[in-house]
Amino acid sequence: MVSKAEINAMKKALKLAILGGGSTFPNPMVGAVILDRDGNHAGDGFHRECGAPHAEVIAIASAGDAASGGTMVVTLEPCCHHGRTGPCTDAIISAGIKRVVIAMTDPDPRVNGEGIKQLESAGIEVETDLLAASVRELNRVYLHYIETGRSWVTLKIALSLDGRTAAADGSSRWISCEQSRRRVQRMRASVGAVLTGAGTVRADDPELTVRLPDSRPWSQPARVVVSSTGDFGDSWKIFRNPGRVIIAVPEGVGARLTEYKDLPGVEVWEFPADSGSRSISLVSLLKRTAAEGLGEILCEAGSDLSTRLLRDELVDSVSIFTAPMILGSEGRPAFELLGIDSIEKAIRLDNVSSSRSGSDFLTEGSIVYRAD
Ligand SMILES: NC(=O)c1ccc[n+]([C@@H]2O[C@H](COP(=O)([O-])OP(=O)(O)OC[C@H]3O[C@@H](n4cnc5c(N)ncnc54)[C@H](OP(=O)(O)O)[C@@H]3O)[C@@H](O)[C@H]2O)c1
């Protein structure tokens, strides 16, 4: 049974957790609040970034002596292993906390219920599942990484009303309105990397950076370009702008990319080609991006790469801008063949939201893949 004060404390802990933004990956975003023995707020904290102290430790320090005999309300099961910092369970036990209220257990195999067991063995009362759905949504990138080892992929597309992403000649600037394009820049600032295919680089010469009019120091995502040939030809903006750029190619192709390898910030990643083709395994790419700390990826590609990602069930959510224009069936489709031959095989969205974005509509949702 949880008290009103504990529910309010969990709401506060959730708000604090959000302050960790995208900087905690591969760790989760966590917030913690301490209530003293009379149920009054005594301290709080959140996990600011990977390698920094955990929320629980900061909250205990901020509560001081008031933590003893009090309650900790925390968004995720406290860790019980030695990672970059010491176990939070030890800190909670030493602080004399008598009760811990947790939103959800941590599926990290090093924790996964063990943190709760350690607290209970020390005589601490533990309550779980308070506001768990909200915490799950907040930490979807982390939970996906623990489950799959991959980065979370959001596919962003600008479509005409009749579902086309470019005119017959390949021109697609601009389908979406200025307000939507600014929104995309903010999306880029919130992810670890932007992913595209060589086809889009050749057609549009995009920068894929954050360029917003205000003076805030927006964080720039890494830019990842996939190519089977490594044929880029001319001097594309994506390789010339400052920042981290990753060119992902099949093994053997990297040797030909000396011109790019020497540019500041440019890395060439080679992967074995899928059997019988020159395509790299996109699963391997997304495992490598996750291992390099790029938890969330915004894919801004043409139909070829977007289709491959969907076919391999690697798209986790979509952000689709629909603009009030018609391009006809001579325009380029958003996707190529997906093997959907009847309506029950359609790929559907869950948790859908729809909003106006200037003259466009933005539909967002998580992808639901069929089990069979
Ligand atoms: N409206 C929109 O939201 C939007 C967004 C982006 C692009 N576009 C439009 O889309 C068009 C370009 O479409 P597209 O389908 O050609 O471009 P794309 O999907 O961005 O790029 C396709 C290329 O990516 C590489 N590639 C994809 N998967 C790969 C894999 N598994 N392994 C290795 N390489 C891989 C290949 O490069 P190689 O050729 O080097 O083998 C392939 O030709 C342009 O007209 C552009 O304006 C529209």
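Readers should treat all values here as calculations from the given coordinates under stated rules, not as data from a laboratory. These numbers were taken from a predicted model, which means no experiment stands behind them. As a convention, Cβ positions derive from the backbone with ideal geometry for all residues, glycine included, and neighbour counts pool all protein chains shown.
In order along the stretch 344-358, the Karplus-derived 3J(HN,Hα) couplings, from 6.51 cos²θ - 1.76 cosθ + 1.60 at θ = phi - 60°, round to 6, 8, 4, 7, 10, 10, 10, 6, 7, 10, 9, 8, 6, 9, x Hz, and Gly and Pro are given as x. Stretching V352 away from R211 to a fully extended chain increases their span by 48.0 nm, per 0.36 nm per residue minus the current alpha-carbon distance.
Counted over the stretch 215-372, the DSSP beta bridges are approximately 60% antiparallel. Placing +1 on each Lys and Arg Cβ and -1 on each Asp and Glu Cβ, with no other charges, gives the chain a dipole about its Cα centre of roughly 760 debye. In terms of distances greater than 30 angstrom between alpha carbons, the cross-link table entries K15/K237; K11/K345; K237/K287; K237/K345; K156/K345; K15/K117 yield K15/K237; K11/K345; K237/K345.
Which percent, to the nearest 5, of DSSP beta bridges fully inside the chain are antiparallel?
The antiparallel fraction comes to roughly 40 percent.
Summary of packing: across the peptides 350-362, 33-45, the per-residue average of other C-beta atoms within 10 Å ranks them, highest first, as 33-45, 350-362. Among the chymotrypsin sites (Phe, Trp or Tyr not before Pro) within the stretch 158-260, those in coil by DSSP and having at most 13 neighbouring Cβ atoms inside 10 Å are W174.
Just so you know, the Rg over Rh for the chain is 1.03, from Cα atoms, with Rh as the Kirkwood radius.
Only aspartates and glutamates eight or more places from K261 in sequence, or on another chain, were considered; those with a Cα closer than 17 Å are D231, D234, E251, E270. Highest mean packing first, where packing is the average number of other Cβ atoms within 10 Å per residue, the peptides 7-16, 121-130 line up as 7-16, 121-130. Between the C-alpha center of the stretch 176-229 and that of the stretch 47-111 there is a gap of 37 Å.
Working from label points 7 Å from Cα in the Cα-to-Cβ sense, the Q185 to Y369 distance is 3.5 nm. As a calculated quantity, the FRET efficiency between T258 and W174 at R0 = 35 Å, using C-beta atoms, amounts to about 0.50. In this structure, K345 and N8 have a Cβ-Cβ separation that, at R0 = 51 Å, corresponds to a calculated FRET efficiency of about 0.65. Considering only F239, I367, A290, the residue lying farthest towards the positive end of the dipole of the chain is F239, judged by Cα position with unit charges set on Cβ. Extension gain, R278 to R140, is 46.5 nm, computed as 0.36 nm per intervening residue step minus the present C-alpha separation.
The alpha-carbon atoms of the stretch 160-201 define a convex hull whose volume equals 93 cubic angstrom per residue.
At 0.36 nm per residue, minus the direct Cα-Cα distance, what do E251 and L161 gain on full extension? Give it in nm, one decimal, please. Don't jump to the answer; show the numbers that get you there.
Numbers: separation 90, 0.36 × 90 = 32.40 nm, distance 4.01 nm.
In short, 28.4 nm is gained.
Oblate is the label for the stretch 1-99, because the ratio a/c of its alpha-carbon gyration tensor axes (a ≥ b ≥ c) is 1.5 or higher and a/b is not greater than b/c.
Taking amide hydrogens as placed 1.01 Å from N in the peptide plane, the amide H of V30 sits under 5 Å from those of H47, each at least 5 positions away in sequence or on another chain.
Take every DSSP beta bridge whose two residues both sit in the stretch 207-306; close to 10 percent of them are antiparallel. Of interest is the spacing of the C-alpha centroids, which for the stretch 233-264 and the stretch 273-295 amounts to 17 Å.
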